[in-house]
Amino acid sequence: MENEKTEITSGKYQVPEELKEQARTFIKNFMREHNVNASQLASRLKALDPKRSDSRTNILNKLARASFQLTEVMQIVDLFGYELKIVTKDPIEGVGNNKE
């Protein structure tokens, strides 16, 4: 019975490292393209909401862990005049809905 309990509590989803790396790269590239570092980003986010606890260290930790919440990413891209959209991937040749 005790083993069953362990299995239930330890069943937390683990994000694949490849996906974490994609998320880190996305945010880092976005910051680089807009010439903003972690300190500047934290300041801009704090200006949106003074109650935020963002700091340079906080931003760097979130980058290292790839742990930004979706709402945070939406706020970041909005700061620079962008919006986040979900779009269909282009089909891979030979897979999926080929209309030949």
**Message:** Give the lysines whose C-alpha is closer than 26 Å to that of K12, dropping any in the same chain fewer than 8 places away, or say none.
**Reply:** K20, K62
**Asked** Along the three principal axes, how long is the range 16-79 when you take its alpha carbons, biggest first, rounded to the nearest angstrom?
**Response** 34, 22, 19
**Asked** Can you pull out the GluC sites (Glu not before Pro) in the range 36-95 that DSSP calls coil and that have at most 14 other Cβ atoms within 10 Å?
**Response** E83, E93
**Message:** Given contacts defined as C-alpha pairs under 8 Å and at least six residues apart, what's the relative contact order of the range 16-79, whole-number percent?
**Reply:** 35 percent
**Fill in**
The local net charge around V77, scoring Lys/Arg +1 and Asp/Glu -1 for residues other than V77 whose Cβ lies under 13 Å from its Cβ, equals -2
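Only the coordinates and a few stated rules stand behind these numbers; no lab work does. Computed from a predicted model, the values in this text were never measured in an experiment. Heads up, the Cβs are rebuilt from the backbone with ideal geometry, glycines too, and the neighbour counts pull from every protein chain shown.
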